[in-house]
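Just so it is clear, none of the values below were taken in a lab; they were calculated from the coordinates. Keep in mind it's a predicted model, so treat the numbers as computed, not measured. Cβ coordinates were reconstructed from backbone atoms using ideal geometry, including for glycine residues, and neighbour counts include every protein chain displayed.
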Protein chains: 2
Amino acid sequence: MYALHPQLADETVPVCDLDLCRVLLSTDATYPWLVLSPRRESLRDLHDLNEEDGIATLEEIRRCSRALVDLFGPDKMNVAALGNQVPQLHIHIIARFTTDPAWPGPVWGKVPPAPYDEAEREALIARLRTALGQDG
Amino acid sequence: MYALHPQLADETVPVCDLDLCRVLLSTDATYPWLVLSPRRESLRDLHDLNEEDGIATLEEIRRCSRALVDLFGPDKMNVAALGNQVPQLHIHIIARFTTDPAWPGPVWGKVPPAPYDEAEREALIARLRTALGQDG
């Protein structure tokens, strides 16, 4: 049975469920940062996805990337499945700006996470749901 | 017309061409590290791939990941499309070990690149071609 890894649950808030993946918003407000978690058991690496789930994941990566592009107009999107700290497969989708504190490096470990204001975060989640066509 | 970005050409050596992507080996011997470059013009982000090319890229990511798993038996695979330094779409496929110098962080910028011994690198390229079914 699928269950979100506790560390991922700690570091994100849920946005919505797409066909395959749970969409999560990172609690680090430094970057517009989504995490996709395929709702399947015992996945570690991207190549553990079967062909059908791989195609669905790719499509959902695309939808999340476009939602962040539409909402934030970033300079670049970063997409990464690393999982060195949390062994459950998850895909980071991060909107990057040439003015962000980690540019042009990767975001991990660069600056301490900045918390969202709660109302701001809820407003962002609502906008993300709309951008993902999940506000019904 | 497709041409590999000069910085990518500098930091890698060619392994082979799969149906869509050029497979490159990073010149940094610290990690078993492949880079996939889709042979298409004017791509920046993963979501710029059309549906068919996206599926082909995913399949080629899978093949490269499995080749590194078969050859190196890593603890984890990292797959990432960042492109903050080189704007041409490219996908990193990196075999990670709990004993490697960047673990559990991402590899970028952690330790200075270590050069391959040339004979060792050529031998690895030959083994990679075989693992990718491209030694014909």
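Count the net charge of all other residues whose Cβ sits under 14 Å from the Cβ of B:ARG22, scoring Lys and Arg as +1 and Asp and Glu as -1.
After counting each charged neighbour, the total is -2.
Enter the mean projected area of the convex hull around the alpha-carbon atoms of the protein assembly as shown, in nm², rounded to one decimal.
Dividing the Cα hull surface by four gives the mean projection, 14.6 nm².
For region B:46-136, what does the convex hull of the Cα positions come to per residue, in cubic angstrom?
Taking the convex hull of the Cα positions in region B:46-136, it is 131 Å³ per residue.
How big is region B:1-42 by Rg and Dmax over its Cα atoms, in Å?
Rg then Dmax for region B:1-42, in Å: 10.3, 33.
Given region A:90-136, what whole percent of its Cα pairs are spread farther than 16 Å?
58 percent
How are the Cα pair distances of region A:1-99 distributed, in percent, across 5 Å bins from 0?
3, 13, 25, 27, 18, 10, 3, 0, 0
Can you tell me the orientation of helix A:118-131 relative to chain A, as the angle in degrees between its alpha-carbon axis and the longest Cα principal axis, to the nearest 10?
Roughly 60 degrees, rounded to the nearest 10.
Can you tally the net charge around B:GLN134? Count Lys and Arg as +1, Asp and Glu as -1, for every other residue whose Cβ sits under 10 Å from the Cβ of B:GLN134.
Residues near B:GLN134 contribute 0 overall.
Pick from B:PRO14, B:PRO104, B:PRO74: which residue has the top mean-square fluctuation in a GNM of chain B where Cα pairs under 10 Å get a spring?
Sorting by GNM fluctuation, first place goes to B:PRO104.
Relative to the other copies, what are the label-point distances for B:GLY133, with labels 7 Å from Cα along the C-beta vector, expressed in nm at one decimal and sorted shortest first?
3.3
Just B:PRO101, B:PRO112, B:PRO32 to compare: in a GNM of chain B, with alpha carbon springs under 10 Å, which one fluctuates most?
In this elastic network of chain B, the residue with the biggest mean-square fluctuation among B:PRO101, B:PRO112, B:PRO32 is B:PRO112.
Helix A:51-72 sits at what angle to the longest principal axis of chain A, using alpha carbons and giving 0 to 90 degrees rounded to 10?
10 degrees
Based on other C-beta atoms within 10 Å, arrange A:THR27, A:THR57 from fewest to most.
Starting with the residue having the fewest Cβ neighbours, the order is A:THR27, A:THR57.
Please work out the Cα center distance from region B:59-136 to region A:81-136, rounded to the nearest Å.
Cα centroid of region B:59-136 versus Cα centroid of region A:81-136: 26 Å apart.
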